[in-house]
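All remarks here apply to the structure that follows.
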Amino acid sequence: MKTTPFAACALAAFLSGQAPAAPAPQEGMKEGGAEKVALRLNVRKGDRFAYRLTSDLDNSTKMGQMDMGSKIQSEQVFSYTVEEVAEDGSAWVEVKFGAARGKLTAPMLGEMEFDSTEPAEDENPMAAMATKPFTALAGKAFRMRIAPSGRVEEIRGATEALKGLFDGGAPGGERLAQMMKGKFTDEGMKPRMQGYLTMLPEGPVAPGGSWQVDLDFPMGGAGHDLAVRGTSTLEKADGEAASVATEGTISPAEKTAPEGKEGAGETSAIPPGMKIEKGEIRKGARVSRKDGLPLGMTVEVKMELTVPNPMGGEMKMTQSTKMALERTALPAEGPENPATRPAGKN
C-alpha cells in the first residue's frame, strides 16, 4: 500500500450526525428554569444562502526512523438556492460550488499552489492529481433534499456532474481511485454535505440539553466506512442564533452485507489493514433561529492510525483537520465568482 498526501486527505471531511426521533414539549416550555427553544429547518422557495469554507489539513507519517509530513490549506465558496418546500418542511435545494484555491506542501511534490480559476502551471501529473479532490467541485451543481431536522436525505445530479473525474486513476493506486470515485457520487456526497449542516433535535430543548448524533460515513469501495458516534448539546440561544457543540468518536463501521452473505457482520478498517487507534471530532456551530441553517461552524478532527508498511512493519499516521464555515453575503453572480482572497492569507 502506498501512502500519499492524497490518501491522507481523503479521510478528512466534515462529519455530522442524526438526531433521534422522540416526542418533545413545545417551544416556550421551561425545564429547570430555562426556556426551551425549537430548532428546525425553516426556509422558503427562492431563498438563497452563500458560504465560504476553509480547511487546514496536517498529516504526519512515521515509518521506521523516517518522519514525513504534508499540509494542505484550501478555500472554496458555494451557495444554496431553495427550489421546493414540502408541507412537512423538508426542502429541495440546489447546491452550486464556486472557486477553490489553496496550497499543498508534501514530500516529492514540494510546495505548490492551486486555483480552479487559473490554468495549472505545474505539469507534474502527480501534483495535479493530488490537488484534484480540492478543485473538483468548482463550477459544479446538484440538488439535495434536507429534512426539517437538518438531515440530508437525498442527493441528485452529483454522479452525473462529476462523472469520469477519476477515470485516469489517482496517486496511491487503483484502489484509492475507486474510493475517490465513490466519494464523488450522489450517495458519496451525502456525508460531505451533511457536514456543512447541523443535525437538530426532534423537539424543543433548553440550554444544556443534549441529543445523540450518529452517522455512518461511506468512504467509497467495500469496507471503507467510518462510524461517528457522539452527542450534541445546546449551549445557549438568543433571538438570532443557537450555539450547538458536538463531541464524538470515529471508528471503523461494520459492513452492511445481508446476513448469510460474505462480509456480513464484519468490521473493516480503512483501507484493509489500517487501524484507527484514536479518532475524535469536535464541532461548534451557530445555527440561525430564523432558517435553521448554520451562520458559522468550526470542526476539528484528529485521527491516529496504524498502517501496514509494504516493506515490512507498520507506519504510524496522525491526521489533524481544522475547518471553518461562515455564511457570507450573496455575490452578484453567484459563488462561481472567484473568492476574494487566497486561502491561508488575511
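Every read-out reported here was derived from the displayed coordinates using simple, explicitly stated rules and does not represent laboratory data. In this text, all values refer to a predicted model and were calculated from it rather than measured experimentally. Here the Cβ positions follow ideal geometry from the backbone for every residue, glycine too, while neighbour counts run over all protein chains shown.
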Next on the checklist: What FRET efficiency comes out for LYS62 versus GLU280 if R0 is 25 angstrom and r is the Cβ-Cβ distance? Round to the nearest 0.05.
Outcome noted: 0.80
Checklist entry - Got a sec to turn the phi values of region 72-84 into Karplus ³J(HN,Hα) couplings, 6.51 cos²θ - 1.76 cosθ + 1.60 with θ = phi - 60°, whole Hz, x for Gly and Pro? => result 9, 10, 9, 9, 8, 10, 7, 9, 10, 10, 6, 9, 9
Checklist entry - For the cross-link pairs LYS140/LYS283; LYS71/LYS236; LYS140/LYS290; LYS62/LYS322; LYS183/LYS283; LYS45/LYS236, which exceed 25 Å when the distance is taken from alpha carbon to alpha carbon? => result LYS140/LYS283; LYS71/LYS236; LYS140/LYS290; LYS45/LYS236
